[in-house]
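Peer 1: Sharing a structure, written as structure tokens. Questions coming.
The values are calculated or read from the model by the stated rules, or taken from the named source; none is laboratory data. In this text, all values refer to a predicted model and were calculated from it rather than measured experimentally. As a convention, Cβ positions derive from the backbone with ideal geometry for all residues, glycine included, and neighbour counts pool all protein chains shown. Surface areas here come from the heavy atoms of the whole protein model, side chains and all, with no ligands, DNA or RNA. Shrake-Rupley method; radii C 1.70, N 1.55, O 1.52, S 1.80 Å.
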Amino acid sequence: MSSKFEFEINPNERGYSVIKDADAMNHNHKSGHVYTSAEVYEIEKKEIFYKDWLCVGRVEEVENVGDYITHRIADEPIIVTKNKAGEIVAMANVCKHRGVEVAFGEGNTKNFTCPYHGWVYDLDGNLKSALHLEKETFEPKKCQLPHLHVDTWAGFIFVTFNKNPKPLLDCLGNVEEIYGPYQFDRMRMAAKFPTELNCNWKLLNENLTDIYHIAVLHLDTFGKHQPLDGYRFETTPQGGYHGRFIGGALVPGGESLFGPIPWLPEELKSGGYSSHIPPNMAFFPRFDNLSCSVNWPIDVDRCMGWTYIMFPEEHFSQPNFKEKVKVYEDFYKAFLDEDTEMILSLQKGLKSQYYGRGPMSPFEAGVAGVIKHNIEDIGTSD
Ligand code: FES
Ligand SMILES: [Fe+2]
């Protein structure tokens, strides 16, 4: 390990479990059906994706009035936008005429005009005009795009399809306490890119909390700058997972191109956290940047997600900022490709008659937590 990245971890700090003392979590499901069954997928949509708060991006993506982003989450296309009052709103992206999506991709607009028959909605989803339909013959007020609950935490936007959701912070657990010093809301998105994979959505989540594979699969990328020594973690009653590691920056060679986030306390100026908030958010605050991955199912064996890479706002005016960010982005994509190959192979392996999950190492506590939350807690396991 390079001395540059040496980091003394006090095992008692914050009461984290020291990794060697952690229970190996053995979940010996014999069948991989929870990753392949259409029936299980239907339960997951209902019990997870249509109930929980879901991270769908960053507030800076809808910074100005009329900025919008769209996502297709399971069977639900949504729009997130900023209305004239300056509020972030989230709506079903399903035209009240025949059901076509009224917005695609992302951009800035004054109205959402459905491309099929031209119905026009304002930024709050109110129907403003419907070609060749007399207002006397129908009730435009009944044709508003349905709103979803929306909230933010630390610059991240969350939505939920749940009509009576719990407060967002109740579901996030002790994140303020752990990540407060990083001040995520002072970080700005420098890059984002999509990922679409032919696998069950759970495998991507599990992979993103798997520390066990880092020194093996990622040996040629970031693995050699992120030793397992001293790794420690905690899980939360809400299904969250927060693992503290030492290590370098996510660039070739491991040495940051920017230096530490200026406002970080000394004890956080190395390595970072590998974190998961169920059901679909993995984030990685490091000493020099913040990256985040959100993902959701498209179908039982197809998922998609977005990766966001963020830096302190003051770095954006540095010379060569874009070139430096490109180095981070390319590196991220390189190790994500390494992960992708494994996940796709795993999706195949799960269907084999010989598949059975074996004992898991303590370094897979995050994976076990994700499995427990996503599979066992909703009763889809063997
Ligand atoms: S489906 Fe949108 S206007 Fe017809
Ligand atoms: Fe990985």
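Peer 1: Can you list residue pairs whose Cβ atoms sit under 7 Å apart, with the first residue in the range 195-220 being over 16 Å from Ser275 (Cα atoms) and not assigned by TED's automatic domain parsing to the domain that holds Phe283 and the second being among the polar types (S, T, N, Q) and surrounded by 22 or more Cβ atoms within 10 Å (Cβ to Cβ)? Count only pairs 6 or more apart in sequence or on different chains.
Peer 2: Cβ pairs passing all conditions: none.
One line per residue, one yes/no per condition, for (1) more than 16 Å from ligand 1 (Cβ to nearest atom); (2) over 14 Å from His147 (Cβ atoms); (3) under 25 Å from the mean Cα position of the chain (by Cα):
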position: Gly66; (1), (2), (3): yes, yes, yes
position: Ile69; (1), (2), (3): yes, yes, yes
position: Ala74; (1), (2), (3): yes, yes, yes
position: Asn83; (1), (2), (3): yes, no, yes
position: Ala92; (1), (2), (3): no, no, yes
position: His97; (1), (2), (3): no, yes, no
position: Lys110; (1), (2), (3): yes, yes, no
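Peer 1: Read through the list (1) basic (Lys, Arg); (2) open to solvent by less than 10 Å² (accessible area, probe 1.4 Å); (3) in contact with a Leu (Cβ under 9 Å, 6 or more places away or on another chain), then give the number of the only condition that Arg302 fails.
Peer 2: Among (1) basic (Lys, Arg); (2) open to solvent by less than 10 Å² (accessible area, probe 1.4 Å); (3) in contact with a Leu (Cβ under 9 Å, 6 or more places away or on another chain), the lone unmet condition for Arg302 is (2).
Yes or no, residue by residue, for (1) away from ligand 2 (no atom under 16 Å from the Cβ); (2) within 20 Å of Gly57 (Cα to Cα):
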| site | (1), (2) |
| --- | --- |
| Pro260 | yes, no |
| Leu264 | yes, no |
| Gly272 | no, no |
| Ser275 | no, yes |
| Phe287 | yes, no |
| Trp296 | yes, yes |
| His315 | yes, no |
| Lys324 | yes, no |
| Lys333 | no, yes |
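Peer 1: When you scan the range 115-171 for strands (runs of 3 or more DSSP E) that lie fully inside it, which ones turn up with 2 or more residues that are open to solvent by less than 20 Å² (accessible area, probe 1.4 Å) and not acidic (Asp, Glu)?
Peer 2: Values: elements: 127-129, 147-153, 156-160.
Counting at least 2 such residues, we get 156-160.
Peer 1: Just to be sure, is Thr195 open to solvent by 10 Å² or more (accessible area, probe 1.4 Å), hydroxyl-bearing (Ser, Thr, Tyr) and outside any loop (DSSP other than H, G, I, E, B)? Please lay out each step first, then the result.
Peer 2: Values: open to solvent by 10 Å² or more (accessible area, probe 1.4 Å): yes; hydroxyl-bearing (Ser, Thr, Tyr): yes; outside any loop (DSSP other than H, G, I, E, B): yes.
Yes, satisfied.
Peer 1: Could I ask something else about it? Is it true that Glu255 is at pLDDT 90 or above, acidic (Asp, Glu) and open to solvent by 40 Å² or more (accessible area, probe 1.4 Å)?
Peer 2: On the way: at pLDDT 90 or above: yes; acidic (Asp, Glu): yes; open to solvent by 40 Å² or more (accessible area, probe 1.4 Å): yes.
The answer is yes for Glu255.
Listed here are the residues, each with its yes/no results for (1) of a type in the set (A, V, I, L, M, F, W, C); (2) closer than 25 Å to Gln183 by Cβ.
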{"position": "Glu106", "(1), (2)": "no, no"}
{"position": "Lys110", "(1), (2)": "no, no"}
{"position": "Thr113", "(1), (2)": "no, no"}
{"position": "Ser129", "(1), (2)": "no, no"}
{"position": "Leu148", "(1), (2)": "yes, no"}
{"position": "Asp151", "(1), (2)": "no, yes"}
{"position": "Ala154", "(1), (2)": "yes, yes"}
{"position": "Lys163", "(1), (2)": "no, no"}
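Peer 1: Considering the range 336-364 alone, what residues qualify as being in contact with a helix residue (DSSP H, G or I) (Cβ under 8 Å, 6 or more places away or on another chain) and either aromatic (Phe, Trp, Tyr) or open to solvent by less than 20 Å² (accessible area, probe 1.4 Å) (or both)?
Peer 2: Within the range 336-364, Asp339, Ile343, Gln347, Leu350, Tyr355, Met360, Phe363 qualify.
Peer 1: Now for a separate question. In the range 56-87, which residues are within 16 Å of Thr160 (Cα to Cα) and touching a Lys or Arg at 6+ places or on another chain (Cβ under 6 Å)?
Peer 2: Passing the criteria: only Ala74.
Peer 1: Have a look at Ile298, Ile277 and point out the one that is in contact (Cβ under 8 Å) with a residue 12 or more places away in the chain and touching an Asp or Glu at 6+ places or on another chain (Cβ under 8 Å).
Peer 2: Numbers: Ile277 fails: touching an Asp or Glu at 6+ places or on another chain (Cβ under 8 Å).
Being in contact (Cβ under 8 Å) with a residue 12 or more places away in the chain and touching an Asp or Glu at 6+ places or on another chain (Cβ under 8 Å) holds for just one of Ile298, Ile277, which is Ile298.
Peer 1: Also, quick follow-up: How many of the residues making up the range 269-285 are open to solvent by less than 10 Å² (accessible area, probe 1.4 Å) and either modelled with pLDDT of 95 or more or assigned to a strand (DSSP E or B) (or both)?
Peer 2: Adding up the residues that qualify gives 10.
Peer 1: Would you mind telling me which numbered condition in (1) surrounded by 15 or more Cβ atoms within 10 Å (Cβ to Cβ); (2) away from ligand 2 (no atom under 16 Å from the Cβ) His218 fails?
Peer 2: Condition (2) is where His218 drops out.
Peer 1: Something else about it: Consider the range 308-328. How many of its residues are open to solvent by less than 10 Å² (accessible area, probe 1.4 Å) and out of contact with any Pro (no Cβ under 8 Å at 6 or more places or on another chain)? Show your work before the answer.
Peer 2: Of the range 308-328, the ones open to solvent by less than 10 Å² (accessible area, probe 1.4 Å) are 308-312, 325, 328.
Subsequent filtering for residues that are out of contact with any Pro (no Cβ under 8 Å at 6 or more places or on another chain) retains 308-311, 325, 328.
Going through the range 308-328 one residue at a time, the tally reaches 6.
Peer 1: Also, quick follow-up: What are the pairs, 6+ residues apart or on separate chains, where a residue within the range 94-113 that is among the charged types (D, E, K, R) and at pLDDT 95 or above has its Cβ under 7 Å from a residue that is more than 8 Å from ligand 1 (Cβ to nearest atom) and assigned to a strand (DSSP E or B)?
Peer 2: Between residues of the range 94-113 that are among the charged types (D, E, K, R) and at pLDDT 95 or above and residues that are more than 8 Å from ligand 1 (Cβ to nearest atom) and assigned to a strand (DSSP E or B), the close pairs are Lys96/Leu127; Glu101/Pro77; Glu106/Tyr68; Glu106/Ile69; Glu106/Thr70.
Peer 1: From Gln347, Gln318, Gln353, grab the single residue that is closer than 22 Å to Val216 by Cα and more than 16 Å from ligand 1 (Cβ to nearest atom).
Peer 2: Of Gln347, Gln318, Gln353, the one residue that is closer than 22 Å to Val216 by Cα and more than 16 Å from ligand 1 (Cβ to nearest atom) is Gln347.
Peer 1: Determine which single condition Glu234 fails, assuming it passes every other condition in (1) assigned to a loop (DSSP other than H, G, I, E, B); (2) more than 15 Å from ligand 2 (Cβ to nearest atom).
Peer 2: (1)
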